Amino acid sequence: MKKLLALALITFYEGIRNRSVFGIAIFSMFVFGLNVIVAGFFMRDIGKVTIDMNLSGLSVAGLLLVFFVVVNLMAKDIDRKTVHLVLSKPITRVEYIWGKYLGVVLFVFVSMAVLFMFSCFTVILVKGMHSDYFAQFSWTVFSLAALFVFLKIAVLGAVVVLFSTLTSNSFITLIFSISVFIVGTSVEDVLFFLRSGLAAQDVAVSKTLWIVIEVVSYLVPNLAVFDYKISAAHGLMPAWGQLGLSLGYGAVYIVVLLVVASCVFSRREFN
């Protein structure tokens, strides 16, 4: 356990020192600040738009952290051959994968926690200016929605770790990770459309395509299950059973991805 924590802390410090973090932080604060300026243009929807913009800004910041920082954190050891130095220590390859992921999660959590505080400040500011439009607002639901944004990013972090064990090229890892994100956010809508009567009227879907889509829906994480922006915007508390299923789904998916990544990395040859 000490080895995992030591490796996690090293990964965390490497992430914090990355210059991209400051650029992402500035961009996120710009989005939060822009929310204060444009909120008044939406009249009766000021509260809903404020919450939606803040959660969207938090989600975009998390994606940027994964795609521009975490990808480099995972690829750097292999590119610079420092992985040989790390594995020469009394640490197994499985411990290396889990330690790196714990460091990634810690880095993302701390970064998003700081941005969440700025987001809360924005909400408080807009709420003070337009208090009549926040009658249904709930800090509990808003915080839960932000927590599940973090869980979505944690799942994508595990995806990055898996692809990093399959290839040494950080660009390929980035492309595959972005592809998983795009498919993961849209696969639920695609399946809903195909299972409805509208699909039969608009397009002819072959049985082969059906099978491919069904297989992809099981292989790629369904990131839509972590989206609670609508609930937060309307101040509606989701059912605890639904929250539990989303949490369990994310946790199981992360474990499965890390187990596969550990198996692949254990059999990988380094030049």
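The values are calculated or read from the model by the stated rules, or taken from the named source; none is laboratory data. All of these numbers come straight from a predicted model, not from anything done at the bench. Cβ placement follows ideal geometry from the backbone for every residue including glycine, while neighbour counts extend to all protein chains displayed.
A compact table of results
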| item | result |
| --- | --- |
| Some residue of the range 133-152 being over 16 Å from Asn54 (Cα atoms), within 14 Å of the chain's Cα centre (by Cα) and surrounded by fewer than 23 Cβ atoms within 10 Å (Cβ to Cβ) | yes |
| Close pairs (8 angstrom Cβ cut-off, 6 or more residues apart or separate chains): under 9 Å from Val141 (Cα atoms) in the range 231-252, surrounded by fewer than 12 Cβ atoms within 10 Å (Cβ to Cβ) anywhere | Met237/Thr140 |
| Residue, nearest to Ala145 (Cα to Cα), within the range 232-271, restricted to residues that are of a type in the set (S, T, N, Q) and surrounded by 16 or more Cβ atoms within 10 Å (Cβ to Cβ) | Ser246 |
| Any hit, the range 157-180, residues being outside any loop (DSSP other than H, G, I, E, B) and under 26 Å from Trp240 (Cα atoms) | yes |
| Cβ-Cβ under 7 Å pairs, at least 6 apart or on other chains, the range 1-19 side hydroxyl-bearing (Ser, Thr, Tyr), far side at pLDDT below 85 | Thr11/Leu73 |
| Entirely in the range 41-149, the helices (runs of 4 or more DSSP H) that have 2 or more residues that are modelled with pLDDT of 90 or more | 46-65, 93-129 |
| Those residues of the range 101-157 which are free of Cβ contacts under 8 Å to residues at least 40 places away in the same chain and touching a Cys at 6+ places or on another chain (Cβ under 9 Å), in sequence order | Trp139, Ser143 |
| Residue match in the range 250-257 (condition: more than 30 Å from Asn54 (Cα to Cα) and modelled with pLDDT of 90 or more) | yes |
